[in-house]
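Each remark here refers to the structure printed beneath this line.
The values are calculated or read from the model by the stated rules, or taken from the named source; none is laboratory data. Bear in mind that the values here come from a model prediction, so they are computed numbers and not experimental data. Reconstructed Cβ throughout: ideal geometry from the backbone, glycine too, with neighbour counts over all protein chains shown. Side chains are part of the model used for accessible areas, which takes the heavy atoms of the whole protein and leaves out ligands, DNA and RNA. Shrake-Rupley method; radii C 1.70, N 1.55, O 1.52, S 1.80 Å.
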Amino acid sequence: MPRKSSEQMIPHGPDSVITLPHRVGAPPAAPPRCRHALVERARLEWRPTDGGDPAAVVQDFLTAHGLPVTDLTRPAEHDPTGVCGASLYVSAAAGALMAGAPPGPPTPAPALPDVAVVVHGHTDQPTGPPPPRGPWWLGAWAPSWTPDQHAAAVDIVRAAIARGDVYQVNVVGHAAAPYTGDPLPPLARLSGLPGARYGGILHGDGWALGCASPETLVEVTAGRVLTRPIKGTRPATAQGRRELLESAKERAEHVMIVDLERNDLARLARTGSVQVDELFAVRRWCDLWQAESTVSAALADGLGLADLLRAVCPGGSVTGAPKLAALTQIAACEPVGRGAGMGALGWVGPGHVDLGLTIRTAAADPHRLHLWAGGGITWDSDPEAEVAEAVAKAAPLRAALANP
């Protein structure tokens, strides 16, 4: 059975955990007016060994705690129980299971659940001063593969593209670093990175997540569903912006993912309502330019949160196209699982869903911090450039997490 708990604990060093107040940090995408007045009401954590369909498990748990998620087109109603909403986290492996694909190799951070749901209410009790923090030490980052192995994986994908197995595959690497001290303050620093639309933290017994993601996996408001895929990266300089706008390779890669997202939303949409609202807009995240599009549709009547999760998880921009074939390639060529990276993290409230894609995300277990970074591979990809792009995406997070 899925694990349910009302006590939150986070790692505090190699061999112990400490109990912390329920209102340490703010969860990603929580309503701004509520972010500092939330208190935990109920919690569910799920792992594949618990069995069942994770999408259905999430929907049933939220419904049982007063959140109307069986039909996302219904107008929001006042809840007399005082539930504000819920934080929702879905790992990359859980997303693959929802899509009917292989979950990939084992996660390097097994302390983290594959699904976490935290139901929040409001409190009018003032938040006291934060407890004094002890010293923080972060060791050297150790990658799960070498640059040469990463480059070889890019060539494996290019060979699959040449055979016609796939059009594009997102290849992701992982690194971990030992630490001592309380990981919550450094993880919370990630939310301050420029462009962190889904900045925030979520934590539980022996684990914690810090997010600086700029990418919307899926948002539902007033019966309309949208996604904002990001694909295409260059340094945030005038020359980098020109290169991104002029790159035929980046634009072709981006359009493939936009088409994939159109197909994903079509599974949820009223017939003929899917549209591309914005194509290849260049926006900044930290010291990088990224290309972003917006795809939206009118949600079909009677669709619930479980339907939504099955249609969009895992996100197309971190899998590739076709999605199931890309996930098969990913499972074969990545040395460790994606864990908290490339999943979903955000907020579910009455009449509103807002989930970010867990790119630019770090995770803590009782022993180490973990990071994942990668990029989309097409036939025109240069292996050395792809390795360098992954390094560039991880660099701002490593700097924010570093020792003071």
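Residue pairs, Cβ under 9 Å, 6 or more apart or interchain, first in region 96-108 and on the phi < 0 side of the Ramachandran plot, second of a type in the set (Val, Ile, Thr) and open to solvent by 20 Å² or more (accessible area, probe 1.4 Å). List them.
Ala101/Thr328; Pro102/Thr328; Pro105/Val336; Pro106/Val336; Thr107/Val336; Pro108/Val336
Which condition number in (1) at positive phi; (2) in contact with a His (Cβ under 9 Å, 6 or more places away or on another chain); (3) free of Cβ contacts under 8 Å to residues at least 60 places away in the same chain is the one that Leu279 fails?
So Leu279 meets the others, but not (1).
Looking only at region 218-257, how many residues end up being open to solvent by less than 10 Å² (accessible area, probe 1.4 Å) and either within 18 Å of the chain's Cα centre (by Cα) or of a type in the set (D, E, K, R) (or both)?
Of the residues in that region, 9 qualify.
Are any residues in region 171-207 closer than 15 Å to Gly339 by Cβ and touching a helix residue (DSSP H, G or I) at 6+ places or on another chain (Cβ under 6 Å), and if so, which ones?
Gly173
Scanning for something small (Gly, Ala, Ser) and assigned to a loop (DSSP other than H, G, I, E, B), does region 345-367 turn up at least one residue?
Looking for residues that are small (Gly, Ala, Ser) and assigned to a loop (DSSP other than H, G, I, E, B), one finds at least one in region 345-367, hence yes.
Given (1) under 19 Å from the mean Cα position of the chain (by Cα); (2) under 30 Å from Phe61 (Cβ atoms); (3) open to solvent by less than 20 Å² (accessible area, probe 1.4 Å), where does Asp354 come up short, assuming only one miss?
(3)
Select from region 91-141 the residues that are modelled with pLDDT of 95 or more, more than 22 Å from the chain's Cα centre (by Cα) and either farther than 21 Å from Ala364 by Cβ or open to solvent by less than 60 Å² (accessible area, probe 1.4 Å) (or both) and list them in ascending order.
Once the filter is applied, which keeps residues that are modelled with pLDDT of 95 or more, more than 22 Å from the chain's Cα centre (by Cα) and either farther than 21 Å from Ala364 by Cβ or open to solvent by less than 60 Å² (accessible area, probe 1.4 Å) (or both), region 91-141 yields Trp136, Leu138, Gly139.
Quick check: anything in region 184-197 in contact (Cβ under 8 Å) with a residue 24 or more places away in the chain, in a strand (DSSP E or B) and open to solvent by less than 10 Å² (accessible area, probe 1.4 Å)?
Scanning region 184-197, I find no residue that is in contact (Cβ under 8 Å) with a residue 24 or more places away in the chain, in a strand (DSSP E or B) and open to solvent by less than 10 Å² (accessible area, probe 1.4 Å), so the answer is no.
Answer yes if at least one residue in region 382-390 is among the β-branched types (Val, Ile, Thr) and within 15 Å of the chain's Cα centre (by Cα), and no otherwise.
Checked against the condition, which is being among the β-branched types (Val, Ile, Thr) and within 15 Å of the chain's Cα centre (by Cα), region 382-390 yields no hits at all.
Need pairs with beta-carbon distance below 6 Å; first residue closer than 15 Å to Gly341 by Cβ and within region 384-404, second in a helix (DSSP H, G or I) and of a type outside the set (Ser, Thr, Tyr); sequence gap 6+ or separate chains.
Cβ pairs passing all conditions: Leu401/Pro186.
Under the condition of being without any contact (Cβ under 8 Å) to a residue 24 or more places away in the chain and among the basic types (Lys, Arg), which residue from region 30-44 is most open to solvent (accessible area, probe 1.4 Å)?
Among those that are without any contact (Cβ under 8 Å) to a residue 24 or more places away in the chain and among the basic types (Lys, Arg), it is Arg33.
Please go through region 50-72 and pick out each residue that is open to solvent by 10 Å² or more (accessible area, probe 1.4 Å) and among the small types (Gly, Ala, Ser).
Of everything in region 50-72, those that are open to solvent by 10 Å² or more (accessible area, probe 1.4 Å) and among the small types (Gly, Ala, Ser) turn out to be Gly51, Gly52, Ala56, Ala64, Gly66.
Does any residue of region 390-400 turn out to be of a type in the set (D, E, K, R) and either in a strand (DSSP E or B) or modelled with pLDDT of 95 or more (or both)?
For region 390-400, residues of a type in the set (D, E, K, R) and either in a strand (DSSP E or B) or modelled with pLDDT of 95 or more (or both): present.
Taking the conditions exactly as written (under 18 Å from the mean Cα position of the chain (by Cα), modelled with pLDDT of 95 or more and closer than 26 Å to Ser247 by Cα), does Cys313 satisfy them or not?
Here the answer is no, as Cys313 does not meet what is asked.
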